[in-house]
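Chemist: Have a look at this one.
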Amino acid sequence: MNKHLKQLIDLSLIDKEIDAFEPQIEEANLQYDALLAAKNSIVNEISTLSQEIKDEQIKKQKNELHLAELSAKLEENSRKSAEIKTEREMKSLQLEEEIAKEQVNFANEEIGRLEKLIDHKKAKISELEVKATEIEGNLVGVKADVDVKLAKIDEDRKVVFGKKETLVGAMNQKGLSFYQKIRRWAKNTTAVPVRNQACMGCYMAISDKVYSEVIKGEEIVTCPHCGRLLYLEPSDDTLSA
Ligand SMILES: [Zn+2]
C-alpha cells in the first residue's frame, strides 16, 4: 500500500481512538456526578427549609409581641373597670375585652401552628443531614474508584497521543492538511473502508475504475460522491505491517 495512504488511514484510526476516550471519561464520572447532584439537591433543600424556619420564627415573634400588647391591654382594661361609672362604659369595655381575648386565642393558635411547622421542618432537616452525610461518605469511595479509572484512561490516552505524535512527525505537510480538510467535516469517518464496492461513509456505490484504484492501493483515492478517503479493509496484514 502507498505509504502516504497508509499514514492517512492510520491517522484517522488514531484520531478515532482519541475521540473514543471522551465518552469513557464521561462514563467514569457518571456515578460520581449523580451522587454529587443528589447531595447538592439535599443541601439546597436544607437551605430552603432553614430559610422557611427563619421566616416562621419571625412570624412567631410577631405573634408573641402581639400577645404581650394584648395582655397589657387586658390589664389596663381591668384597671379601668374599677373606675367605670355608666353601663355604656361597661359594655364598651366588655366588648373590647372580648375582642382582645379572641385575638389572644388566635395569636396562641398561630404560635402553636408555627411551632409545629418549625419542629416538623427541623426534624426533616436532621433527616436530610443524615442522608447528606451518608452520600458524603459514599462520595469518597466512588471518587477513589473514578480516579483509578481516569488514571487508566489517561495512561491509555498518553500511549495513543504518543503514537499520533510519531505518525504526524513522519507525515508531510501536504498530506496532513489534505487529511485535516476532510476531517473538519467528516470527523471520525475521514477514512472509510469500501465494502461491496460502496463507500462506507456515504454508502454510495463507486465505479469499477475507482474501486480498482482502491484495491491497488497505489494512490490516495477519495470517494467521488462524498470526498472521504477510501481504503480496503485490512483483511490481511497490509495495515499492521
Ligand atoms: Zn462516500
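Chemist: Per-residue HN-Hα couplings for segment 123-137, Karplus 6.51 cos²θ - 1.76 cosθ + 1.60 at θ = phi - 60°, whole Hz, x for Gly and Pro?
Modeler: In residue order, the calculated couplings are 5, 4, 4, 4, 4, 5, 5, 4, 4, 4, 5, 4, 4, 3, x Hz.
Chemist: Here's a follow-up. Under the rule of -39500 (n - 2.57) per DSSP H run of 4 or more residues, summed and divided by the residues of the chain, what mean residue ellipticity at 222 nm is obtained, to the nearest 500 deg cm²/dmol?
Modeler: Mean residue ellipticity, 222 nm, calculated: -28000 deg cm²/dmol.
Chemist: To make sure I understand the rule: partners must be lysines, Cα under 20 Å from the Cα of LYS122, and not fewer than 8 residues away in the same chain. Which ones qualify?
Modeler: Counting by Cα, and skipping residues close in sequence, LYS122 has these lysines nearby: LYS39, LYS54, LYS59, LYS60, LYS131.
Chemist: Let me ask you something else. Kindly state, to the nearest 0.05, the FRET efficiency for ASP154 paired with SER47, given R0 = 41 Å and r defined as their beta-carbon distance.
Modeler: With R0 = 41 Å, the Cβ-Cβ based efficiency is 0.70.
Chemist: While we're on this one: If the cut-off is a Cα-Cα distance under 16 Å, which aspartates and glutamates reach LYS164, setting aside same-chain residues fewer than 8 apart in sequence?
Modeler: Straight-line reach from LYS164, under 16 Å: ASP10, ASP15, GLU17, ASP19, ASP154, GLU155, ASP156.
Chemist: Structure shown: which of LYS158/LYS209; LYS73/LYS121; LYS80/LYS116; LYS16/LYS174 lie over 31 Å apart, alpha-carbon to alpha-carbon?
Modeler: LYS158/LYS209; LYS73/LYS121; LYS80/LYS116
Chemist: Once you order the gyration tensor axes a ≥ b ≥ c over the Cα atoms, which shape class does segment 173-231 get: rounded for a/c under 1.5, otherwise prolate or oblate by comparing a/b with b/c?
Modeler: Oblate, because a/c is 1.5 or more while a/b does not exceed b/c.
Chemist: Full extension from GLU96 to HIS225: what is 0.36 nm times the residue separation minus their Cα-Cα distance, to one decimal in nm?
Modeler: Length gained, GLU96 through HIS225: 36.9 nm.
Chemist: Moving to a separate point now. Tabulate in residue order the Karplus-calculated ³J(HN,Hα) for segment 99-116, using 6.51 cos²θ - 1.76 cosθ + 1.60 with θ = phi - 60°, rounded to whole Hz; enter x for Gly and Pro.
Modeler: 4, 4, 5, 4, 5, 4, 4, 4, 4, 5, 4, 5, 4, x, 5, 5, 4, 4
Chemist: For a Förster distance of 35 Å, can you work out the FRET efficiency between the beta-carbons of GLN197 and ASN2, rounded to the nearest 0.05?
Modeler: The computed FRET efficiency comes out at 0.95.
Chemist: How far is helix 3-19 tilted off the main Cα axis of the chain, in degrees rounded to 10, range 0 to 90?
Modeler: Taking the Cα atoms of the chain, the angle to 3-19 is about 10 degrees.
Chemist: Of the options PRO23, HIS120, ILE84, report the single residue whose Cα projects farthest towards the positive end of the charge dipole of segment 14-170 (beta-carbon charges: Lys, Arg +1; Asp, Glu -1).
Modeler: My answer, from the dipole projection, is ILE84.
Chemist: Taking 7 Å along the Cα-to-C-beta vector as the label spot, tell me the LEU117-GLN24 distance in nanometres, rounded to one decimal.
Modeler: 5.5 nm
Chemist: Given charges of +1 on the Cβ of Lys and Arg and -1 on the Cβ of Asp and Glu, with all other atoms neutral, how large is the dipole of the chain about its Cα centre, in debye to the nearest 20?
Modeler: 1120 debye
Chemist: Per residue of segment 200-212, what does 6.51 cos²θ - 1.76 cosθ + 1.60 with θ = phi - 60° give for ³J(HN,Hα)? Whole Hz please, x for Gly and Pro, Karplus curve as stated.
Modeler: Karplus values, whole Hz, x for Gly and Pro: 8, x, 10, 6, 9, 6, 10, 5, 4, 5, 4, 4, 5.
Chemist: What residues have an amide H closer than 5 Å to that of VAL221, excluding those fewer than 5 places away on the same chain, when H is modeled at 1.01 Å from N in the peptide plane?
Modeler: For VAL221, whose amide H was placed from the backbone, the distant partners under 5 Å are LEU230.
Values quoted throughout were computed directly from the atomic coordinates according to the rules given, and no laboratory measurement underlies them. All figures in this text were calculated on a predicted structure; none of them were measured in a lab. Here Cβ is always computed from backbone atoms with ideal geometry, including for glycine, and neighbour counts include all displayed protein chains.
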